[in-house]
1. Those residues that are touching a helix residue (DSSP H, G or I) at 6+ places or on another chain (Cβ under 6 Å) and not aliphatic (A, V, I, L, M), I need them from the stretch 132-160; list them, please.
2. Among the numbered criteria (1) at pLDDT below 90; (2) surrounded by 12 or more Cβ atoms within 10 Å (Cβ to Cβ); (3) among the hydroxyl-bearing types (S, T, Y), which single criterion is violated by S33?
3. List the number of the failed condition for K145; all other conditions in (1) modelled with pLDDT under 85; (2) under 23 Å from Q12 (Cβ atoms); (3) among the charged types (D, E, K, R); (4) in a helix (DSSP H, G or I) hold.
4. Tell me which residues, restricted to the stretch 92-131, are of a type in the set (K, R) and closer than 25 Å to K23 by Cα.
5. List every residue pair whose Cβ atoms sit under 7 Å apart, with the two residues 6 or more apart in sequence or on different chains, where the first one lies in the stretch 114-136 and is assigned to a helix (DSSP H, G or I) and the second, anywhere, is of a type in the set (K, R) and surrounded by 14 or more Cβ atoms within 10 Å (Cβ to Cβ).
6. Select, from L51, L14, the only residue that is touching a Gly at 6+ places or on another chain (Cβ under 9 Å), in a helix (DSSP H, G or I) and at pLDDT 60 or above.
Amino acid sequence: MYQKIFRFNSIQELQESIDKQAKELTNKIDLQSKLIGDKIREGEKNNSEELSDLKNKLNPENSKDKKTENKNSKNKKTTNKKKKSKKGQLENWIDYENLHLYNGVGTRGELELYFKSLEEMKVESERLKKTRDSLEQLMKSGIKKELAGIGYEQHEGPYELAFIKTQLKHEKFSFKSILTVGCE
């Protein structure tokens with residue numbers, strides 16, 4: 001399970017942890033983007049009509065020309081239009097108790113879930129970058145880097161930090177040596 005409360009021994013340790021999370025998230029975003037691209041290309045090979053709407057959403061400039069052509073052909077033929085529901089989702093999604101199910105089998109429902117997940121990961125990545133930048137500003141303003149603390153990571157809000165006394169005792173630097181001097 002994802003841990004919301006975490007301890008850190010220094011602000012630098014916290015910053016490194018956030019950098020690690022951001023890097024992992026960036027890798028997940030890249031992998032999922034490649035997966036979506038592969039699914040779309042696979043659909044193009046199969047000449048799947050269900051992916052045409054998603055392709056148009058990805059390339060809005062190219063789809064404008066096609067939309068005018070499609071409007072002329074739609075006037076001649078009647079087609080089943082998909083209406084948007086109150087939540088802005090297509091009618092293909094139905095609610096069943098605590099589940100939201102895609103009404104159909106195919107790659108369109110799968111791709112819609114991938115896109116939704118990708119958008120959430122991008123938002124999370126931006127939030128982590130902003131947090132990292134805020135920590136850098138905090139360190140530049142003169143806060144001690146050795147401060148320990150406890151943090152709470154909210155789902156959509158900012159990190160909440162509380163600084164505490166560090167349990168690690170830093171020893172003062174001392175230099176001991178034996179000096180021998182020869183006598184004449």
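1. R132, K145, Y159 - these are the residues of the stretch 132-160 that are touching a helix residue (DSSP H, G or I) at 6+ places or on another chain (Cβ under 6 Å) and not aliphatic (A, V, I, L, M).
2. All conditions are met except number (1).
3. (4)
4. The first filter runs over the stretch 92-131 and keeps only residues of a type in the set (K, R), leaving 108, 116, 122, 127, 129-130.
Scanning the stretch 92-131 gives K116, K122, R127, K129, K130.
5. M121/K28
6. Details: L51 fails: at pLDDT 60 or above.
Criteria check complete, one pass: L14.
The values are calculated or read from the model by the stated rules, or taken from the named source; none is laboratory data. All values derive from a computational prediction rather than experimental measurement. Neighbour counts are summed over all protein chains in view; Cβ atoms, including those assigned to glycine, are modelled from backbone coordinates with ideal geometry.
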